[in-house]
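Student: One structure coming up, written as structure tokens, with questions to follow.
The values are calculated or read from the model by the stated rules, or taken from the named source; none is laboratory data. All values reported here derive from a predicted model rather than from experimental measurement. In this analysis, Cβ positions are derived from the backbone assuming ideal geometry, glycine residues included, and neighbour counts consider all displayed protein chains.
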Amino acid sequence: MYQLSEEHTDIVYERLHREGLVNEKLEQDLFDHYCCYIENRMEEGAEFEQAYEEAVATISPNGTKEIEFELFFIINFNKQVSMKRLIFLSGFISAFLISTGIMFKTLHWPGANVLMVTGFAAMLLTAITTTMHLIKYMRNKPGTFWLRSAAGVAALFLISAGFIFKTFHMPGANVMYGLGTIILNLIFLPMFFYHTYKSSFAKLRTDETI
């Protein structure tokens with residue numbers, strides 16, 4: 001069987017390495033696949049460059065990044081589902097407790113503060129869980145997504161912590177609550193509604209095209 005020279009293997013590795021794959025094991029596996037394919041084609045009489053181009057077209061027709069993304073999705077799908085369930089569940093619990101606490105407080109019923117503090121604590125958990133989810137699974141998103149997400153999480157965290165601090169008469173409550181509200185109103189909400197506006201128009205154009 002034909003065996004690639006060290007020069008050729010270096011060329012294959014360098015070109016593959018320039019793709020910028022994060023998963024080193026996948027990079028090594030693709031390198032082995034490329035080399036095996038090229039060796040088979042060169043044994044049949046093909047030139048190195050031709051064999052290399054055929055290997056790329058056959059093994060990774062849409063690029064190695066797509067393979068890495070699909071592998072990442074398969075490996076982490078169940079983890080992402082569990083994480084999203086936790087985010088939605090903690091978000092629902094916090095919203096339910098806060099709204100119930102507001103009703104209790106309005107009607108001067110006992111337990112209002114307990115409900116609201118628990119609700120904001122659940123909101124803090126939501127903020128922390130969302131941050132972990134973003135860092136782990138959303139690395140390839142654009143900068144605007146990260147800015148919007150960071151603003152939302154920061155606002156959620158500061159408002160929740162501010163309310164809890166205020167309930168227990170701890171210093172810094174007003175600063176945290178005020179800063180969280182400013183971030184929410186001036187950064188997150190404008191970016192969120194602008195993104196929603198653009199997405200709705202993009203979907204409308206797609207529907208019209210179809």
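Student: Tell me which of these Lys141 doesn't satisfy, since it passes every other one: (1) closer than 30 Å to Val22 by Cβ; (2) in a helix (DSSP H, G or I).
Tutor: Single failed check for Lys141: (2).
Student: Suppose we filter Gln80, Gln50, Gln28 for residues that are assigned to a helix (DSSP H, G or I), of a type in the set (S, T, N, Q) and closer than 30 Å to Thr130 by Cα; which single one remains? Before you say what the answer is, go through the steps one by one.
Tutor: On the way: Gln50 fails: closer than 30 Å to Thr130 by Cα; Gln28 fails: closer than 30 Å to Thr130 by Cα.
Answer to the check: Gln80.
Student: Right, another one. Can you find even one residue in the range 113-133 that is closer than 17 Å to Phe188 by Cα, among the small types (Gly, Ala, Ser) and in contact with a helix residue (DSSP H, G or I) (Cβ under 6 Å, 6 or more places away or on another chain)?
Tutor: Within the range 113-133, one or more residues are closer than 17 Å to Phe188 by Cα, among the small types (Gly, Ala, Ser) and in contact with a helix residue (DSSP H, G or I) (Cβ under 6 Å, 6 or more places away or on another chain).
Residue-by-condition table, conditions (1) in the same structural domain as Ala112 (by TED's automatic domain parsing); (2) at pLDDT below 90; (3) among the aliphatic types (A, V, I, L, M):
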position	(1), (2), (3)
Leu16	no, yes, yes
Lys25	no, yes, no
Asp32	no, no, no
Ile38	no, no, yes
Ala46	no, yes, yes
Ile87	yes, yes, yes
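Student: I would also like to ask the following. Filter the range 152-195 down to residues that are among the aliphatic types (A, V, I, L, M) and within 16 Å of Leu125 (Cα to Cα) and give me whichever is surrounded by the most Cβ atoms within 10 Å (Cβ to Cβ).
Tutor: Going through the range 152-195, the residues among the aliphatic types (A, V, I, L, M) turn out to be 153-156, 158-159, 161, 164, 170, 173, 175-176, 179, 182-184, 186-187, 189, 191.
Among the residues that remain, those that are also within 16 Å of Leu125 (Cα to Cα) are: 153-156, 158-159, 161, 164.
Values: Val153: 19, Ala154: 18, Ala155: 22, Leu156: 24, Leu158: 21, Ile159: 22, Ala161: 21, Ile164: 20.
Per the stated criteria, the residue is Leu156.
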